[in-house]
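Written out below as structure tokens is the structure these notes cover.
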Amino acid sequence: MAATQTRAAHADQKGRVTLGRKHAGKLYRVEETAQGKVVLTPVVEIPAEEAWLYHNPTAFALLTKGIEDAAAGRVSDAGSFVDYAHDDID
């Protein structure tokens, strides 16, 4: 883990502080404590239709296990799914 870096930064007249180019385009959660400390935590966006997975521990564990199995080469050929290519998915 990299050492913590601390530096002074002045907020402009609109309250903005620049973080530097390496942070450009990234999304952060902004937390302001009761003591006035501002904490930025990098976050990623998850589409709403995929968020259920992170709220379902069983499904998430099965997905994680499947990824681990695939990475370890524990896979089997289930045959072709071409016959299902045009099925409607609801």
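Bear in mind these aren't lab numbers, they're just calculated from the coordinates by the rules spelled out. Quick caveat, the model's predicted, so the values are computed rather than measured. Note that each Cβ is placed from the backbone with ideal geometry, even for glycine, and that neighbours are counted across all protein chains shown.
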When residues of the range 19-58 are filtered for being small (G, A, S) and more than 29 Å from A8 (Cβ to Cβ), how many remain?
2
Condition set part of a loop (DSSP other than H, G, I, E, B) and of a type in the set (D, E), scope the range 65-90, selection nearest to L53 (Cα to Cα): answer is D90
Pairs where the first residue, in the range 44-56, is under 25 Å from H23 (Cα atoms) and the second is of a type in the set (F, W, Y) and not in a loop (DSSP other than H, G, I, E, B), C-beta under 8 Å, 6+ apart:
I46/Y54
